[in-house]
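Okay, structure first, notes after.
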Amino acid sequence: MAEPKARWRTVQVIVNGSAGQGHDDEVKRKLLDLFTRHGLQAEVTLAGSGEEMIATARRAREEGTDAVVAGGGDGTINAVASQLAGTRIPFGVLPLGTLNHFAKDLGIPLDLEQAVRTVAEGRLKAVDVGEVNGRIFLNNSSLGLYPDIVRDREMQQRRLGRGKWVAAAWATVAALRRYPFLAVRVKTEQTEKVRMTPFVFIGNNEYSMEGLSIGMRNTLDDGQLSLYIAQRPGRLGLLRFALRALFGRLAQARDFDVLLVENMEIETQHARLRVATDGEVCWMETPLRYRARKGALTVIVPPASERATQA
């Protein structure tokens, strides 16, 4: 049975206002106008850093704001959601980033005005979050090749002033030239696997890894993590793997060991490891302990009759 239409009046809106993907006072004025039109009293914060996003969301939670809304890319959405997971506070999403995976998988409109309307008129849906060593992720976490590429991309953006996609291309080439592999021991309640692999991917619920729908999820409330361990290719095979990933043609049977689990532990030979969560990279102590937190986040989504059509 569909949950009732949302009923709230005051919302705290937290928008990424930092450089790069940041938004400005014009966006703030537009948002205030849109929320007012829908009968909502909104306080809009243009956060200058991830720390400010988190602090603002924590304050809104503690002060009992009716709903909290995040505007930005998946990293912004993650930062704000980290303070709401485990509460019953409604969480709205304004997909203002580049990829917007979380919003797309929930059918939240990419058009700003429609997204605000969803916050005002949508329904509540309890969705899962993944967690690794206390840090949540809404989309996925990964080890190996991807965190290294992100680290190199950000370094090139800072030091050389390259654009995001150019820097990503150079970082990918550099990572492939290093021929990186990671020795992992993955322990679950059902099995234990030891692998040498360039890439480990952990999804919040099951991802499609077939054909052009790579990276999509049909559900976010099955209470599972999807584990994908890339097979160990040679140097040429690693290049083919990267190209198949780029063009959305990875195949589960050929390219990955695949498991669906509720929790797992990953050991490596390293005491600390770079770990990506929703595109943000940080160092973590090993072993890495992953778990699915079923229904931990209450998200405002479109009415069931208005499942959004995404481009």
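For the cross-link pairs Lys187/Lys294; Lys104/Lys193; Lys30/Lys294, which exceed 25 Å when the distance is taken from alpha carbon to alpha carbon?
Working: Lys187/Lys294 20 Å; Lys104/Lys193 33 Å; Lys30/Lys294 35 Å.
Violating the 25 Å Cα-Cα cut-off are Lys104/Lys193; Lys30/Lys294.
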Next on the checklist: What does the net charge come to around Thr191 if you take all other residues with beta carbon closer than 15 Å to its beta carbon, with K and R at +1 and D and E at -1?
Outcome noted: -2
Item to check | Relative packing of 266-279, 60-73, which averages over residues the other C-beta atoms within 10 Å, highest first | outcome: 60-73, 266-279
Item to check | Ranked packing of 74-83, 106-115, most packed first, by mean Cβ within 10 Å | outcome: 74-83, 106-115
Checklist entry - So what's the net charge close to Leu40: Lys and Arg +1, Asp and Glu -1, counting the other residues with Cβ under 13 Å from its Cβ? => result 0
Checklist entry - Among residues other than Thr87 whose Cβ falls under 14 Å from its Cβ, what is the net charge (Lys/Arg +1, Asp/Glu -1)? => result +2
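Coordinate-derived values only; no laboratory data. Computed from a predicted structure; not experimentally measured. Note that each Cβ is placed from the backbone with ideal geometry, even for glycine, and that neighbours are counted across all protein chains shown.
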